[in-house]
Each structure stands twice: as C-alpha cells, then as structure tokens.
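Report on the structure given below.
Computed from the coordinates by the stated procedures, all read-outs in this text should not be read as laboratory data. These numbers were taken from a predicted model, which means no experiment stands behind them. Don't worry about glycine lacking a Cβ; one is built from the backbone with ideal geometry, like all the others, and counts go over all protein chains shown.
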Amino acid sequence: MSRDVITVGSTMQIPLLYRGEYSQWRERFMNYLEEQTDGEAMINSIQNGDHPLPVIAQVSLAGTVPNAPPTLKDPKFWTAKEKKNRKIDRLARSLYIQGLPNDIYYLIDSNDTAKDLWDALERQMRGSEYGEQDRKAVILYEYETFKVTEGEQLLNTYLRYLQVVNDLKKCGYKKDNCELNYKFLNNLQPEWKQFGTLMRQTNNLIDINIDALYNILKQNQGDVNDAIGYKKKVVVVTSDPLALVAEKTKVSKRKEKVVVKSSLKDDIRYQY
C-alpha cells in the first residue's frame, strides 16, 4: 500500500493522514472531494454542517420548551430531502475516516456527523502542531540559516532549498528571484564557488527563478566531480603518514639507483 493514498476501485484515491502532516493532508483531501460526485455537498456537510441529523423539537402546551435538548427524528419519518442529506453526510464521513489511521480515529470516532468528526480532528491535530505564529517563525529561521551540509550533492541542496522556499510562500513570506538566487549561490560547496561567480557575472538573477538557476548550474556537475575526486586523492596521500613515508622511500631508492649507475659508467670510461 502506498504511503500517500488508499485506492478504492480503480480511480478513487483517498489521501492518508500522518501526524505532523495535517495541513498538507487537509488540502489534499478537500481536492479529492471536489472531484467526486456530490463533492460540493460533501464539503459543505464537513465544513458547515449543512446536513445535520434530523431532529424533533420538544413542545408543550405552552409552545416550544426553551433550552430543551432536541430529540432525533425517527428515520422512518424522514423526508426524501433529509434522507438524501443523511446519505451525503454518511458518504463524506465514510470517505473521511478511510484516510485516518486507527490510532487517530479511535480518539474521535464517537462523533456521528461528518462536521463533528472534522471539528474533532481539527482540534486534535492543531493541538499537536506549532501555533501559527511559532510555525512561521521557525520557517523563517530555517530560511535565514540555510546552509549546505558537508559532502552534500547539488541536487540534494536544491531540493532542500525548494522545500524551505515553498514553506515560506505558504506562510505568506515573499522573496524575489534575486534574493533567492543569491542565497542559493552563496551556500554551495566550495567546488561550486567559481561557477557561482560566473553565474553572477553572466546572468541577470532577477529574471530567472531558482529552478532555471539549478538547471544551468548542474551542467557543470562533471567538472565539480573531477575537482572533488582530485581533492580526495590529495587528502588520502597526505593524511596517511605511512603511505607518505613509503612513497618517499621509493623515490629515494630510485634516485640511489640512478646515482650508482651513473658512477659505474664514469668508472668504466675512466679505465679506458
């Protein structure tokens, strides 16, 4: 089973909820409902409670009893419209709970209507996430302190940066192309420094977005790999004292052989 969806039949895909991912799941689930038959009615039922359970108000001889709890209407006496509304609400609730893991559903399964269940989940999930202001502050801090990690490939740096930028946009923060591009170039591996400088000199960083910038940069991946490979060879030789001594010994022996051979030749010429 996919981590992201449950497949029902051949075409329906219900997003699965995971803790810490409620906001993303909420949007995906609403998009899913919009594509279904009676999708708009189901969304209204979930969000606004447009299809509550039919009730009968308690009455007395003096009229309606104030503050008296309503009594659920016997389904045998439901009107055609009430039956249709109940059917839509039950369908919305059914689709809804199929996207919930058991450990979350068991905490809220006492709610009978789609809206009651939705509101209960909202309270449950929002309570486990950062407050809105705290969340925005964390995301802004992640952007401002973004740095490449040692040994990280360009693609991985780019994907991490895209995630941070996307989170910024969702929180309402706006950054122009120039700022985003400069920050990305300033936080690449040292081997990319010369290519970053070249990008600043030959391209207008206001007119291209981060995706275009990455696509231009990655064309130099081969040269950067060669530079990294050469650097690793140098580090291996200089960081291993025994290997370095052995290499020097070999060189010294080769020099001694050359000197001995040269001396022999001189002696032979002298004798003749």
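Structure note, pairs Lys136/Lys218; Lys174/Lys218; Lys170/Lys218; Lys183/Lys218: Cα-Cα distances above 22 angstrom occur for Lys136/Lys218; Lys174/Lys218; Lys170/Lys218.
Taking a ≥ b ≥ c as the square roots of the Cα gyration tensor eigenvalues, segment 81-200 comes out prolate, since a/c reaches at least 1.5 and a/b is larger than b/c. Summing charges over neighbours of Ser110, with a neighbour being any other residue whose Cβ is under 13 Å away from its Cβ, gives -3 when K and R count +1 and D and E count -1.
Which of the peptides 36-46, 157-167 is most tightly packed, and how do the rest follow, judged by the mean count of other Cβ atoms within 10 Å per residue? Write out the running numbers ahead of the final one.
On the way: 36-46: 18.2, 157-167: 15.9.
Averaged packing, sorted descending, gives the order 36-46, 157-167.
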